[in-house]
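Student: Quick one: the structure is below, questions incoming.
The values are calculated or read from the model by the stated rules, or taken from the named source; none is laboratory data. As the structure is a prediction and not an experimental result, all values here were calculated from the model. Reconstructed Cβ throughout: ideal geometry from the backbone, glycine too, with neighbour counts over all protein chains shown. Surface accessibility is based on the protein's heavy atoms, side chains included, excluding ligands, DNA and RNA. Shrake-Rupley method; radii C 1.70, N 1.55, O 1.52, S 1.80 Å.
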Amino acid sequence: MTTTTLQQIQKDLGATFDRDTQSIPVSFGNDAEALAAARNQVAICDRSHWGLLRLSGEEQLRFLHNQSTNDFNNLQPGQSQDTVFTNSTARTIDLATAYATEDAILLLVSPNRRETMMKWLDRYIFPFDKVELEDISDTHSIFSLIGPQSDTVWEKLGVSVDLPANSHQMVDLQQMQVRVATGNGLAMPGYTLIVNREEAATVWQLLTETAGVPPMGDACWEKLRILQGRPAAEAELTEDYNPLEAALWHNISFEKGCYIGQETIARLNTYKGVKTQLWGVRLPSFVEPGTPVMLDGKQVGTLTSCTETPEGVFGLAYIRTKAGGLGLQVSIGKVEADVVDLNFASRGYLAAQT
């Protein structure tokens with residue numbers, strides 16, 4: 001079955017697609033139900049518009065170790081981890097997930113960073129490096145199961161999936177080989193499936209029809225990522241901020257050797273120099289991202305994302321460390337907002353100050 005077949009199946013389930021590419025299911029007309037399912041049971045989201053890159057060669061681990069914030073020297077086949085790519089001054093380029101296989105590393109990157117990451121990585125591969133880089137996004141689909149009952153999906157499909165955290169394995173789904181990984185890009189239980197594109201429609205049907213998992217559109221995934229505090233490229237991950245400010249300390253190794261941006265990150269950590277932090281904000285009404293965050297008549301930050309949820313409006317904002325954090329009350333536009341913590345966030349030495 002082809003991608004067109006998958007889109008027709010999704011359309012039959014009520015999907016509406018994005019205006020630009022007409023390929024991303026934005027909503028299935030069930031947003032409230034899908035959000036509830038993701039929080040309390042399980043939902044499935046098509047993330048095939050994300051980029052999937054493949055790094056192979058004898059020096060693949062060394063190469064990624066030198067290019068990003070996490071430690072790849074000890075990553076074994078079957079293991080996975082998140083890592084951040086930064087420029088020379090430690091400004092963020094993307095937050096990616098790496099899956100180590102027997103002969104390659106699969107790198108799941110943000111949808112609006114696919115070409116950027118290909119060019120960025122390619123520029124650091126020199127003629128004598130034993131590394132090969134390939135964009136395999138067009139030959140694979142990405143599905144994510146989200147919710148505390150994600151494990152029940154495998155029981156319904158009659159397959160055995162018993163994975164520790166940060167790991168993945170090949171699973172036989174009715175004679176189709178699917179890579180199943182723990183995690184779904186959010187601080188929530190679930191799995192990510194990497195599927196050959198020609199089998200994607202059949203796998204989608206197995207999950208939604210045979211296992212009965214309700215579909216969730218990209219708009220709901222965006223709501224969840226804001227509620228969870230996962231920073232996104234072009235919103236929280238920009239050249240204005242570094243990974244420490246984005247509360248991504250858990251994706252940084254402070255023991256590894258040199259990598260691009262390492263000197264700045266090490267200096268900020270050693271001298272406790274993180275001047276701004278990413279926080280959640282609860283608002284009474286929607287406010288446009290980019291609106292200044294004010295305290296006592298002075299700007300102390302910027303709203304970067306905002307979404308309406310069943311419980312009210314929620315946003316993400318960078319706020320100066322000296323201004324405060326958890327429990328702070330600020331003004332954003334014409335409304336007052338309460339500053340709250342984020343499930344996806346980790347803050348290193350800053351955690352003791354909040």
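Student: Residues of region 335-354 being open to solvent by 30 Å² or more (accessible area, probe 1.4 Å) and over 23 Å from the mean Cα position of the chain (by Cα), which ones?
Tutor: Selection gives E336, D338, Y349, A352, Q353, T354.
Student: For the condition open to solvent by less than 60 Å² (accessible area, probe 1.4 Å), within 20 Å of E288 (Cβ to Cβ) and over 23 Å from the mean Cα position of the chain (by Cα), what is the one hit in I319, I332?
Tutor: The conditions single out I332.
Student: Going by the conditions given, is A235 closer than 23 Å to R47 by Cα, modelled with pLDDT of 95 or more, of a type in the set (A, V, I, L, M, F, W, C) and touching a helix residue (DSSP H, G or I) at 6+ places or on another chain (Cβ under 7 Å)?
Tutor: On the way: closer than 23 Å to R47 by Cα: yes; modelled with pLDDT of 95 or more: yes; of a type in the set (A, V, I, L, M, F, W, C): yes; touching a helix residue (DSSP H, G or I) at 6+ places or on another chain (Cβ under 7 Å): no.
So A235 does not fit the description; no.
Student: Say we look at region 272-303 and pick out the residues that are open to solvent by 80 Å² or more (accessible area, probe 1.4 Å) and closer than 17 Å to R320 by Cβ; which of these is nearest to the chain's Cα centre (by Cα)? Don't jump to the end; show me each part of the working.
Tutor: We begin by selecting, within region 272-303, every residue open to solvent by 80 Å² or more (accessible area, probe 1.4 Å); these are 272, 275, 282, 284, 286, 288, 296, 298-299.
With closer than 17 Å to R320 by Cβ added as a condition, the list becomes 272, 275, 296, 298-299.
Details: K272: 27, K275: 24, D296: 34, K298: 32, Q299: 29 Å.
That would be K275.
Student: Which condition breaks for A211 when tested against (1) in contact with a helix residue (DSSP H, G or I) (Cβ under 9 Å, 6 or more places away or on another chain); (2) aliphatic (A, V, I, L, M); (3) buried (at least 21 other Cβ atoms within 10 Å of the Cβ); (4) under 27 Å from N343 (Cβ atoms)?
Tutor: (3)
Student: Additional query: Is it fair to say I226 is more than 30 Å from K334 (Cα to Cα) and either open to solvent by less than 40 Å² (accessible area, probe 1.4 Å) or of a type in the set (G, A, S) (or both)? Lay out the reasoning, then the answer.
Tutor: Working: more than 30 Å from K334 (Cα to Cα): no; either open to solvent by less than 40 Å² (accessible area, probe 1.4 Å) or of a type in the set (G, A, S) (or both): yes.
No; evaluated as a whole, the condition is false for this residue.
Student: Ok, one more. For V180, state whether it is closer than 21 Å to S48 by Cβ, in a strand (DSSP E or B) and open to solvent by less than 30 Å² (accessible area, probe 1.4 Å).
Tutor: So V180 fits the description; yes.
Student: Only one of these is closer than 30 Å to N30 by Cα, of a type in the set (S, T, Y) and touching a Gly at 6+ places or on another chain (Cβ under 9 Å): T307, T302, T276. Name it. Break it down into steps so the answer makes sense when it comes.
Tutor: Details: T302 fails: closer than 30 Å to N30 by Cα; T276 fails: closer than 30 Å to N30 by Cα.
T307 is the lone residue from the list that is closer than 30 Å to N30 by Cα, of a type in the set (S, T, Y) and touching a Gly at 6+ places or on another chain (Cβ under 9 Å).
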